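Here is the structure we will look at, set down as C-alpha cells.
The values are calculated or read from the model by the stated rules, or taken from the named source; none is laboratory data. If you're wondering where the values come from, they're calculated on a predicted model, not measured in any experiment. Cβ placement follows ideal geometry from the backbone for every residue including glycine, while neighbour counts extend to all protein chains displayed.
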Amino acid sequence: MAVADDIRIKASSESLLRSDQPRPPRDYAQFIRWALLFAGGLVMVMPLVYMISTSLKYSFEVYNLNLIPEEPTLDNYTYVLADGRFFTWFINSLVIASLTTISTLIFDSLVGYVLCKFKFRGRYIVFIAILSTLMIPTEMLIIPWYMMSQNFGWLDSYWGIMFPGLMTAFGVFLMKQFFETVPDDFLEAARIDGLNELQIWWSVAMPLVKPALAALAIFVFLGNWTAFIWPLIATTTTSLYTLPVGLSSFGDEADVAWELIMTGAAISTLPTLVFFLVFQRFIIRGVVMAGLKG
Amino acid sequence: MADHSPSDARRIPRPDTRQHGLVASRWHRLSIKQKQVVWAWAFLAIPIVFYTVVRFYPTANAFVLSFQEWNLLGPRVWVGFDNYVDLWNDPVFWQVFVNTFEYLLIGTPISLVISFFIAYHLDKVRFMHGTIRALYFLPFMTSAVAMAWVWRWFYQPVPIGVFNNFLAGFGISQIPFLQSTTIALPAVLAPAVWAGLGFQIIIFMAGLRAIPQTYYEAARVDGVSNWTMLWEITLPLLKPTLVFLVVFSSIGFLRIFDHVFNMTTNNPGGPLNSTKPLVLMIYETAFGGRSQMGAAAAQTVVLFTILLVVSLVQLRILRDR
C-alpha cells in the first residue's frame with residue numbers, strides 16, 4: 001500500500017513536472033537531449049540565416065561563408081527594389097492572398113454552417129459532393145482552368161489568378177466540424193429575437209468559431225502566398241506576377257548573382273517569418289487545429 | 001426586363017402598406033421549416049455554382065480531353081486511347097514514373113522518421129520548448145520557390161556553394177549535387193523534406209499529448225522499459241496521427257513541382273530527366289511550347305489515379321494493422 005502510494009505520488013509529481021513551467025534540464029541525459037534538439041533546431045534555420053546574411057553582403061563577400069557580414073550593406077535591397085518589380089509582385093501577392101483568404105473564410109464558413117445547422121433534403125449529397133473534390137489534384141484542373149481563362153479573357157488578371165481558390169473543400173469540412181460546437185439553442189434564441197438567418201450566421205455563430213476561422217485563414221493565406229504553378233501559368237505579363245513567379249524569373253535572369261537572388265528570396269520569405277515569430281503560439285495552435293480536425 | 005410595368009411594381013414589398021407583394025406574402029405563408037430550406041439553398045447558391053464551374057466541370061473536361069488531341073487553336077479531335085498508348089510507349093514517361101515514386105519512397109519514410117524522432121524527444125523537453133519548436137517550424141512558413149533558390153545556391157560547386165565549400169574544408173572531394181543523375185533527385189528532395197518537418201513535428205507532438213498519461217504511469221508501475229513503452233503504447237495509440245501524416249505527406253511528395261522546377265530552370269527536370277516528376281512533365285507537355293493539351297490531360301488522369309491508389313493502399317494497410 002505504502003509502495004503503491006509512493007509510486008502514485010512519484011508518478012503524479014512527474015506528470016506535474018511535465019506540464020510545469022520551463023525549468024532547466026535536470027539530469028545528464030536530459031541535458032544531452034536538450035542540447036541535441038537545440039543544435040538540430042539551429043541546423044534547421046541555417047538556410048534561412050544564410051539567406052538573410054548573404055542578402056546583406058557585397059558580391060565580393062558572398063563566397064566567404066561567415067554568417068555575419070564584415071561590411072553589412074542594404075545595397076542589394078536598394079538594387080532589387082529599385083526598378084519596382086519586386087514591389088509590384090509583393091503588392092500582387094498581398095492583394096491576391098488577402099482577397100482569396102477573405103472569400104474562402106466567408107464562403108467556407110457559410111457552407112459549413114448551412115451543412116451543419118440546417119436540416120433539408122439534399123444536404124448530405126451537397127456535403128459529399130464538396131468533399132469529393134478534395135480527391136482531385138489541382139494539377140488535373142489547371143489545363144481546363146487555363147482553357148476557361150483563355151475563353152473568358154481571364155489570363156493575366158488578378159481574377160484569373162484568384163478564381164480557382166475562392167473556396168476550398170477543406171475549409172468547408174473544417175468549419176462544419178467547428179460549427180458542431182455551437183449550441184443550437186443560441187441560434188434558436190436569436191431566431192426568436194427576430195434576427196434573420198444571415199444575421200444569425202454572421203453575428204451569432206461566426207464569433208463563436210473565431211479560432212477555427214483564424215486557423216483556416218493562416219493556411220489559406222500561406223497557401224496562396226506561396227502558390228506557384230497556377231500563377232505561373234495564368235500570367236505572362238511581368239507586372240502581374242506574384243512573388244514566387246517573379247522570384248523564379250528573377251533568379252534565372254540574375255543567374256549567378258547569388259546575393260541578389262538571396263535578397264529576392266528574403267523579400268518573399270521575411271513577411272511570413274516575421275508574422276510567425278510574432279504570432280507563434282497562435283499559429284501553432286491553428287496549425288494543430290486545422291491539421292487534426294481536417 | 002427593366003420596364004416598369006405595374007405587375008413588376010407590385011412585386012416589391014412595401015412596408016407601409018397592408019397589402020404585401022406577391023413574393024412577400026408567399027414568404028410569410030411558409031412555415032419556419034420551409035423558410036429554413038429556402039435560406040439554405042440561397043446560402044448555397046453561389047458555392048454550388050462555384051463547385052460546378054470550377055471543380056466538377058473542369059474535372060470532367062480533363063477526362064474528356066484525355067481522349068482528344070488539341071493544340072489550343074484548332075478543333076478538338078477524338079483520338080480514343082491514343083494519348084494513353086503514346087504515354088505507355090514513351091520511355092521518358094517511365095523514367096518520370098519511377099522518379100515520382102522515388103520522391104515518395106525516399107521522402108515520406110525519411111521525413112516521418114526524423115519528425116517523429118524529434119517530436120518524441122522534444123515532447124520530453126520543457127526548457128526553451130517553445131523556442132526549439134519555433135526553430136523547427138520556421139522553414140514551414142517559407143515559400144518553396146524561395147527555398148529552392150537558396151538550396152540551389154548551397155549545392156553550387158566550389159567556391160560558390162556552401163556545402164561543397166564546407167566539404168572542401170575537411171578535404172573531401174566535391175559532390176556535383178545538381179549535375180549528377182544519381183544525386184540530383186535526393187538533392188532536390190532535401191529542401192522539400194526540410195520544409196515539411198516542422199508541420200509533421202507539430203502534428204506528432206499534438207498526437208503524443210493526446211495519449212493519456214495514465215497508460216505510461218501504469219506501465220512504469222509494471223517496470224516496463226522506455227523502449228517497450230514506445231512500441232507498445234506510444235506508436236499504437238499514435239496510429240490515427242500516423243495515418244494522417246503518411247497519406248498527407250505522400251500526396252505532397254507525389255505532387256512535387258516547385259522545388260524541381262526552380263532548382264533546374266536551365267534544364268527542367270534534368271540532368272537527363274533524372275529529377276523530372278510527373279507534374280513537371282504535365283507542365284511541359286501542356287505549357288512548354290507544343291501545347292499538347294490532350295496528352296497532358298491524359299498525364300493528369302494518370303496522376304489522379306496514382307494519388308488515389310496510393311492513398312487507398314496506405315489507408316488499407318495502416319488501418320488494418
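Looking only at segment B:102-126, which residues are aromatic (Phe, Trp, Tyr) and surrounded by fewer than 16 Cβ atoms within 10 Å (Cβ to Cβ)?
B:Phe117
Just checking, does segment B:80-93 include any residue being part of a loop (DSSP other than H, G, I, E, B) and within 17 Å of A:Val43 (Cα to Cα)?
Checked against the condition, which is being part of a loop (DSSP other than H, G, I, E, B) and within 17 Å of A:Val43 (Cα to Cα), segment B:80-93 yields no hits at all.
Residues that are under 30 Å from B:Leu242 (Cα atoms): list the helices (runs of 4 or more DSSP H) wholly contained in segment A:175-294 that include at least 3 such residues. Break it down into steps so the answer makes sense when it comes.
Details: elements: A:184-192, A:210-226, A:229-234, A:243-254, A:258-278, A:280-293.
Ranges flagged: A:210-226, A:258-278, A:280-293.
Quick check on my filter: what residues within segment B:144-184 are surrounded by fewer than 18 Cβ atoms within 10 Å (Cβ to Cβ) and among the hydroxyl-bearing types (Ser, Thr, Tyr)?
Selection gives B:Ser173, B:Ser180, B:Thr181, B:Thr182.
Out of B:Leu189, B:Leu230, report the one residue that is touching a residue at least 60 places away in the same chain (Cβ under 8 Å), over 26 Å from the mean Cα position of the chain (by Cα) and assigned by TED's automatic domain parsing to the domain that holds B:His121.
B:Leu230
Take segment B:122-138 and flag every residue that is within 19 Å of A:Phe282 (Cβ to Cβ) and touching a residue at least 12 places away in the same chain (Cβ under 8 Å).
B:Arg133, B:Tyr136, B:Phe137, B:Leu138
Look at A:Ile9 and say whether it is at negative phi, surrounded by fewer than 16 Cβ atoms within 10 Å (Cβ to Cβ), modelled with pLDDT of 75 or more and more than 9 Å from chain B (Cβ to nearest Cβ).
No: the conditions fail for A:Ile9.
Here are some residues: A:Thr73, A:Thr54. Which one is out of contact with any helix residue (DSSP H, G or I) (no Cβ under 7 Å at 6 or more places or on another chain) and surrounded by 14 or more Cβ atoms within 10 Å (Cβ to Cβ)?
Result of the check over A:Thr73, A:Thr54: A:Thr73.
Output the residue which, of all residues in segment A:51-85 that are aromatic (Phe, Trp, Tyr) and in contact (Cβ under 8 Å) with a residue 40 or more places away in the chain, is nearest to A:Trp258 (Cα to Cα).
The qualifying residue nearest to A:Trp258 (Cα to Cα) is A:Tyr58.
Given the condition more than 30 Å from A:Tyr63 (Cβ to Cβ), within 8 Å of chain A (Cβ to nearest Cβ) and within 20 Å of the chain's Cα centre (by Cα), answer yes or no: does some residue in segment B:121-128 qualify? Full working, then the answer.
As a first pass, look at segment B:121-128 and keep what is more than 30 Å from A:Tyr63 (Cβ to Cβ): B:121-128.
Then drop every residue that is not within 8 Å of chain A (Cβ to nearest Cβ), which leaves B:121-122, B:124-128.
Narrowing further to those that are within 20 Å of the chain's Cα centre (by Cα): none.
There is no residue in segment B:121-128 that is more than 30 Å from A:Tyr63 (Cβ to Cβ), within 8 Å of chain A (Cβ to nearest Cβ) and within 20 Å of the chain's Cα centre (by Cα).
Go through segment B:305-321 and give me each residue that's free of Cβ contacts under 8 Å to residues at least 60 places away in the same chain and of a type in the set (A, V, I, L, M, F, W, C).
Passing the criteria: B:Leu307, B:Leu308, B:Val309, B:Leu312, B:Val313, B:Ile317.
Restricting to segment A:272-294, what's the tally of residues that are more than 7 Å from every other protein chain (Cβ to nearest Cβ) and either buried (at least 16 other Cβ atoms within 10 Å of the Cβ) or farther than 22 Å from B:Ile132 by Cα (or both)?
Qualifying residue count, segment A:272-294: 8.
State which residue is modelled with the lowest pLDDT when the search covers only segment B:253-272 and only residues that are surrounded by 19 or more Cβ atoms within 10 Å (Cβ to Cβ) and of a type outside the set (A, V, I, L, M, F, W, C).
Top of the filtered list is B:Gly269.
Pick from segment A:230-247 the residues that are of a type in the set (Gly, Ala, Ser) and over 20 Å from the mean Cα position of the chain (by Cα): which of them is farthest from the other protein chains (Cβ to nearest Cβ)?
Taking the candidates together, the pick is A:Ser239.
If you scan segment B:138-161, which residues turn out to be β-branched (Val, Ile, Thr) and more than 8 Å from chain A (Cβ to nearest Cβ)?
Matches in segment B:138-161: B:Val158 only.
This table checks each residue for (1) on the phi < 0 side of the Ramachandran plot; (2) at pLDDT 95 or above; (3) facing chain A (nearest Cβ under 9 Å).
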site: B:Ser31; (1), (2), (3): yes, no, no
site: B:Val37; (1), (2), (3): yes, no, yes
site: B:Ala40; (1), (2), (3): yes, no, yes
site: B:Ile48; (1), (2), (3): yes, yes, yes
site: B:Tyr57; (1), (2), (3): yes, yes, yes
site: B:Glu69; (1), (2), (3): yes, no, no
site: B:Trp78; (1), (2), (3): yes, no, no
site: B:Phe81; (1), (2), (3): yes, no, no
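Has segment A:118-141 got at least one residue that is more than 8 Å from chain B (Cβ to nearest Cβ), surrounded by 21 or more Cβ atoms within 10 Å (Cβ to Cβ), over 20 Å from the mean Cα position of the chain (by Cα) and not β-branched (Val, Ile, Thr)?
So far as segment A:118-141 goes, no, none of its residues is more than 8 Å from chain B (Cβ to nearest Cβ), surrounded by 21 or more Cβ atoms within 10 Å (Cβ to Cβ), over 20 Å from the mean Cα position of the chain (by Cα) and not β-branched (Val, Ile, Thr).
Would you check if B:Pro236 is more than 15 Å from the chain's Cα centre (by Cα), at pLDDT below 95 and assigned to a helix (DSSP H, G or I)?
For B:Pro236, the condition - more than 15 Å from the chain's Cα centre (by Cα), at pLDDT below 95 and assigned to a helix (DSSP H, G or I) - is met.
Please find, among B:Gln200, B:Gln213, B:Gln174, B:Gln179, the residue that is polar (S, T, N, Q), within 10 Å of chain A (Cβ to nearest Cβ) and over 16 Å from B:Ile110 (Cα atoms).
The unique qualifying residue is B:Gln213.
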